[in-house]
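Taking it in order: structure first as structure tokens, then the write-up.
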Amino acid sequence: MIATVNDRDLLIEIFVTHAIDEEKTAKIEQLGISTIEIDLSKAPRDMSMESLKEVIIDKIENKRWIYNARVKSEFKRMLNQTRHMDITSRGFASHVDYCPIKVNVWRGKPYANVIDDCIYCIHCVSYPGDVICCNGHLDPNDIYKPKLCT
């Protein structure tokens, strides 16, 4: 089923016997259309229309995003704002030099321990393995302002 919300298409999948599989999820992501799945697999088959309406419209615990185009675009926007901080190995520890929030300082130089400081930091947007994608250099008031839909 396709619904239009604020001039955008939203695919609505109803799961009664088969949930969306990985292959269909990949196709949905390729289309780039936000999709939600409503799980009715545990709903009684003889429920009233009023009860069915409540389960489909009002309840949230039986719904999940399969793909959310807004989340994808916001994540890309966040990544475009990040600095890619190189990871340096020092003995058994991995560090990021010149940590913008100065978690640790050694001989006047700020750094962060990748495991202890970066991974759980609110400024760590992504950790692809060889760098830390960090937005600690940005004004906190600008980071969390979502773009308004126009």
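The values are calculated or read from the model by the stated rules, or taken from the named source; none is laboratory data. The shown structure was predicted, so the numbers you read here are calculated from the model rather than taken from an experiment. Glycine gets a Cβ as well: all are built from the backbone with ideal geometry, and neighbour counts include every protein chain shown.
Tabulated values for the structure
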quantity	calculated
Candidates ILE36, ILE60, ILE56, filtered to the one that is among the hydrophobic types (A, V, I, L, M, F, W, C), at pLDDT 95 or above and closer than 30 Å to PHE15 by Cα	ILE36
Residues (assigned to a strand (DSSP E or B) and either surrounded by 13 or more Cβ atoms within 10 Å (Cβ to Cβ) or of a type in the set (Phe, Trp, Tyr) (or both)) located in region 85-115	MET85, ILE87, SER94, HIS95, VAL96, ASP97, ASN104, TRP106, PRO110, TYR111, ALA112, ASN113
